[in-house]
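Shown next, in structure tokens, is the structure this report addresses.
The values are calculated or read from the model by the stated rules, or taken from the named source; none is laboratory data. Note that the coordinates shown come from a computational prediction; the quantities given were computed from them, not determined experimentally. We place every Cβ from the backbone using ideal geometry, glycine too, and count neighbours over all the protein chains shown.
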Amino acid sequence: MINWSKIIGVIVCIVLQTGVVFSQSKIQLIDEKSSEPIYLAHIKFTNIKSSKFQWTVSDENGFALNPYNDSTIVEISYTGYEKKIIEVVPSSQTQNISLKKVEFGLSELVITANFIPIELKESVYDIQVIDEQKISSKGAQNLREVLNTELNFRTNNGHANETSINMNGLSGNHIKIMVDGVPVEGRLNESIDLSQLNLSGIEKVEVIDGPTSVAYGTNALGGTINLISKKNQDKKVAVHLKSFYETVGQYNASAEIGYKFRENLFKLNLSRNFFDGFANPDTSRFKSWKPREQYFGSFQYSKKIKHLRLTYILEGFNETMTSRGERRPPYYVTAFDTYYLTNRISNKVLLAGRISPNNYLDLALSHSYYNRIRNIYFKDLTTLNQIKTDSENDQDSTKFNTYLFRGVFTHKNDSNPIHYMYGIELKRDEILAQRIQNNNQWVGDYAIFAGIDYKPIKQLTIKPAARYAYNTIYSAPLVPSLNILYDFNENWQIRTSVAKGYRAPDLKELFMEFHYSSTINLYGNTKLTAENSDHFQFSVNYSKAIREHKIQITPKLYYSKINNLIGLTQISDVDWKYQNIDYLITRGTSINLNYRINIVAINVGYNYFGNYNSLFDEPNFQNKFHYTSDANSGIDIFLDSLKMSFHLNYKYTGLIRNSYITDQKFVKESYIGDYHTFDLNVSKLLFIEKVTFSFGIKNIFDTKEVPMIGDVYGVSNQSNASSLNVLWGRSYFFSLNFKI
């Protein structure tokens, strides 16, 4: 017999289950402007009656199913968008929920030192983002020109015409410079030449003020600068052509083509930068700013593998810099000319992204090659024939090979108060040079690091972290850090950090052996210890939007003490040796103000800082802190109806005072004069926004050099000079960008 009671019972259950399913609400998350679905947004459903809650993430089409059949509070958070809280009721219709991007760039995605993309306002690190639009508005062609007008930065022209950097009073050897998280190799006089870092194909520059040695190791005790290349493309075929001319003698051109096939992207970028040199006053031969001819090339392949992106990047760089000497008396028909040839080749394999809803992976494998050759020639100016000089010290070659592997795993679950990350970094540096013991040396550095993001309450993030390394030459220090972020509300944020940083002695400081005739001998020291720093920083961020008015104010305090500074010390009449000799303290405060109303954006910044160097603690000299200040301001005007924009930028670089030791071993006070710069740029979109034409004036005040006495730590060590070249005077530029 048929058991009708059982059948009826099953049917009733099915009907009841179906009723529950149909009573549940289905939501879809979309972008407010583009209406595109938002994937992997974090969603918290809270049942109003029972107060029970569940977490989920939106799928590839932006959909998420409400697990409750009653009225529910839905909390939505997604990187780059304003958080949203709404109430939904059961419905058979899908409810669309639009999310709005955050104003003031606080929604900007940053990755440096975090290893996963997060919102700028959620980062415990104080990160400054210089995006592509701002780079373009400056008419900047390399990293030097980008940073030269930024607050907290100073750039200067070195002995070999390299451009080094000073950040909050700390010199370039204390600043980590990277491209896509991989360090740039080839430090000249302990600093990377910023003029060799091209911006073609760069999406943005992220700057962290303060130590990031836990994440990136050596040289990151003063700050980190990370250039991030473009890795996405919407169109199947994209072409970008750029041309740039500046009246000082710059002629630059670049071409980029990208081809997208399904989940594969191929990009090729080629650039040539030419600079004719500059002198004040102008002469027929000698230039204080040396002529350069640079070629850049990169090939990029990337593939999306589910939620991961695999990227391979091959980059090449070639530069010829010419230093033409003065004509030699008595007949002025001969001269000594020096040629500096630089080559860089970098291979990078990057794998980054989400491996599950709450777990992320960031892998980097790279090989970097750097070769710099210096040749000095004796030139006959009547026949233009030239021959290499006989002295071995006149001809020099230095090669670096660096191998790096870094892997970072991150766990981040919004429903859990504890997030964590841990990583490993394996690095090997090799040098081949004439001025190195046995002409060939290497050093290995193998590190592990980890950090925890603890949120005891919703507004507070506490991040302790540490790095431990084993080095094959010296004893690497343990590097801890503590970062705290307190998010009062959508308007107020406080960040503070207490961190250690370090700079490892480089291969030249460890193994230098250079004999210059019989008067000077330079020696490395394998017993050097790493420089280490104690750093404190406190900053506040206030942002507010009232109708069309938007304001942001960011004051900051900072303090650093660098111990065991490495420098050359004289150990005999003719011998000099690298040793740990002194300490340096830098402290200061800064404030930035941003204001926008409709089509006008205004920014104003001020930085006041001072340095104390124990090297000048002498009985007969009153050593002290030497303070200086910087200020900058800018106005951007956007005329959408005319498809035009105007950009004005002013910067004041204050007088720097310091101390120096004369050849007679006396300590005296030194200084470098202050100066002002003012730039103007106008851009216009043409031909259905496919062409951008820009023209402008750089350095309207025509600043070229400033008075100088003695040498100043981290800025110049030309103690015998009476002036310092800081800029090459007023110039006009024109650029044309074409995109399809």
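Working carefully through the options E185, E150, find the one that is touching a strand residue (DSSP E or B) at 6+ places or on another chain (Cβ under 8 Å), within 30 Å of D702 (Cβ to Cβ) and of a type in the set (D, E). Give the steps one after another, and end with the answer.
Values: E185 fails: within 30 Å of D702 (Cβ to Cβ).
The match here is E150.
From S284, S271, S302, S298, which residue is of a type in the set (S, T, Y) and either assigned to a loop (DSSP other than H, G, I, E, B) or not assigned by TED's automatic domain parsing to the domain that holds G729 (or both)? Before you say what the answer is, go through the steps one by one.
Working: S271 fails: either assigned to a loop (DSSP other than H, G, I, E, B) or not assigned by TED's automatic domain parsing to the domain that holds G729 (or both); S302 fails: either assigned to a loop (DSSP other than H, G, I, E, B) or not assigned by TED's automatic domain parsing to the domain that holds G729 (or both); S298 fails: either assigned to a loop (DSSP other than H, G, I, E, B) or not assigned by TED's automatic domain parsing to the domain that holds G729 (or both).
Unique residue meeting the criteria: S284.
Among the residues of region 235-268, which ones are over 25 Å from R144 (Cβ atoms), in a loop (DSSP other than H, G, I, E, B) and touching a residue at least 12 places away in the same chain (Cβ under 8 Å)?
K235, K236, E263 - these are the residues of region 235-268 that are over 25 Å from R144 (Cβ atoms), in a loop (DSSP other than H, G, I, E, B) and touching a residue at least 12 places away in the same chain (Cβ under 8 Å).
Among the residues of region 485-511, which ones are part of a strand (DSSP E or B), farther than 14 Å from G210 by Cα and not aromatic (F, W, Y)?
First, pick out the residues of region 485-511 that are part of a strand (DSSP E or B): 485-487, 492-503.
Right, trim to farther than 14 Å from G210 by Cα and you get 485-487, 492-494.
Of everything in region 485-511, those that are part of a strand (DSSP E or B), farther than 14 Å from G210 by Cα and not aromatic (F, W, Y) turn out to be L485, D487, Q493, I494.
I'm trying to understand the selection: among the residues of region 698-725, which are modelled with pLDDT of 80 or more and under 26 Å from the mean Cα position of the chain (by Cα)?
K698, N699, N725
Could you grab the pairs with beta carbons closer than 8 Å, sequence gap of 6+ or different chains, first residue in region 678-699 and touching a residue at least 60 places away in the same chain (Cβ under 8 Å) and closer than 15 Å to S731 by Cβ, second one outside any strand (DSSP E or B) and hydrophobic (A, V, I, L, M, F, W, C)?
Pairs that qualify, where the first residue is touching a residue at least 60 places away in the same chain (Cβ under 8 Å) and closer than 15 Å to S731 by Cβ and the partner is outside any strand (DSSP E or B) and hydrophobic (A, V, I, L, M, F, W, C), are D679/I700.
Residue pairs, Cβ under 7 Å, 6 or more apart or interchain, first in region 61-89 and of a type in the set (F, W, Y), second not in a strand (DSSP E or B). List them.
Short answer, once both residue conditions are applied: Y78/I38; Y78/A41; Y81/K100; Y81/V102; Y81/S107.
When you check F261 against the structure, is it of a type in the set (F, W, Y), surrounded by fewer than 17 Cβ atoms within 10 Å (Cβ to Cβ) and at pLDDT below 95, yes or no?
On the way: of a type in the set (F, W, Y): yes; surrounded by fewer than 17 Cβ atoms within 10 Å (Cβ to Cβ): yes; at pLDDT below 95: yes.
The answer is yes for F261.
Right, E119: loosely packed, with under 14 Cβ neighbours inside 10 Å, outside the structural domain of D487 (by TED's automatic domain parsing) and of a type in the set (D, E) or not? Spell out the reasoning first.
On the way: loosely packed, with under 14 Cβ neighbours inside 10 Å: no; outside the structural domain of D487 (by TED's automatic domain parsing): yes; of a type in the set (D, E): yes.
Answer is no for this residue.
Conditions first: (1) in a loop (DSSP other than H, G, I, E, B); (2) modelled with pLDDT under 85; (3) closer than 19 Å to L40 by Cβ. I116 passes all but one, so which condition is the exception?
Only one criterion in (1) in a loop (DSSP other than H, G, I, E, B); (2) modelled with pLDDT under 85; (3) closer than 19 Å to L40 by Cβ is unmet by I116, namely (2).
Of the conditions (1) farther than 30 Å from S77 by Cα; (2) at pLDDT 50 or above, L29 satisfies every one except a single condition; which number is it?
Only one criterion in (1) farther than 30 Å from S77 by Cα; (2) at pLDDT 50 or above is unmet by L29, namely (1).
What residue, among those in region 642-664 that are within 28 Å of the chain's Cα centre (by Cα) and in a loop (DSSP other than H, G, I, E, B), is surrounded by the fewest Cβ atoms within 10 Å (Cβ to Cβ)?
Selected residue: L655.
Within 30 Å of S356 (Cα to Cα) and modelled with pLDDT of 95 or more, is that true of T342?
no
Considering each residue of region 495-510, count those that are farther than 24 Å from L568 by Cα and in contact with a Phe, Trp or Tyr (Cβ under 6 Å, 6 or more places away or on another chain), and give that number. I'd like the intermediate steps shown before the answer.
Initially, region 495-510 is screened for residues farther than 24 Å from L568 by Cα, giving 495-500.
Now narrow it down to the ones that are in contact with a Phe, Trp or Tyr (Cβ under 6 Å, 6 or more places away or on another chain): 496, 498.
Final tally of qualifying residues: 2.
When you look at I436, is it at pLDDT 95 or above and either closer than 19 Å to N219 by Cα or outside the structural domain of F115 (by TED's automatic domain parsing) (or both), yes or no? Full working, then the answer.
Working: at pLDDT 95 or above: no; either closer than 19 Å to N219 by Cα or outside the structural domain of F115 (by TED's automatic domain parsing) (or both): yes.
Spelling it out, it is not the case that I436 is at pLDDT 95 or above and either closer than 19 Å to N219 by Cα or outside the structural domain of F115 (by TED's automatic domain parsing) (or both).
Among the numbered criteria (1) aromatic (F, W, Y); (2) surrounded by fewer than 16 Cβ atoms within 10 Å (Cβ to Cβ); (3) in a strand (DSSP E or B), which single criterion is violated by F701?
Of (1) aromatic (F, W, Y); (2) surrounded by fewer than 16 Cβ atoms within 10 Å (Cβ to Cβ); (3) in a strand (DSSP E or B), only one is false for F701: (3).
Those residues that are at pLDDT 90 or above, among the hydroxyl-bearing types (S, T, Y) and surrounded by fewer than 20 Cβ atoms within 10 Å (Cβ to Cβ), I need them from region 486-536; list them, please.
Y486, T496, Y523, T526, T529
Considering only region 307-347, state which residues are of a type in the set (K, R) and in a loop (DSSP other than H, G, I, E, B).
First, the residues of region 307-347 that are of a type in the set (K, R): 309, 324, 327-328, 344.
R327, R328, listed by residue number.
Any residue in region 339-368 that's on the phi > 0 side of the Ramachandran plot: show its pairings with residues that are assigned to a strand (DSSP E or B) at Cβ separation under 6 Å, as long as the two are six or more apart or on different chains.
Listed pairs, sorted by first residue: G353/L308; G353/R309.
Residues are listed down the side, and each one gets a yes or a no for (1) buried (at least 17 other Cβ atoms within 10 Å of the Cβ); (2) in a strand (DSSP E or B); (3) at pLDDT 95 or above:
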{"residue": "F538", "(1), (2), (3)": "yes, yes, yes"}
{"residue": "S543", "(1), (2), (3)": "yes, yes, no"}
{"residue": "I553", "(1), (2), (3)": "no, yes, yes"}
{"residue": "L557", "(1), (2), (3)": "no, yes, yes"}
{"residue": "N564", "(1), (2), (3)": "yes, yes, no"}
{"residue": "T569", "(1), (2), (3)": "no, yes, no"}
{"residue": "D573", "(1), (2), (3)": "no, no, no"}
{"residue": "Q579", "(1), (2), (3)": "yes, yes, no"}
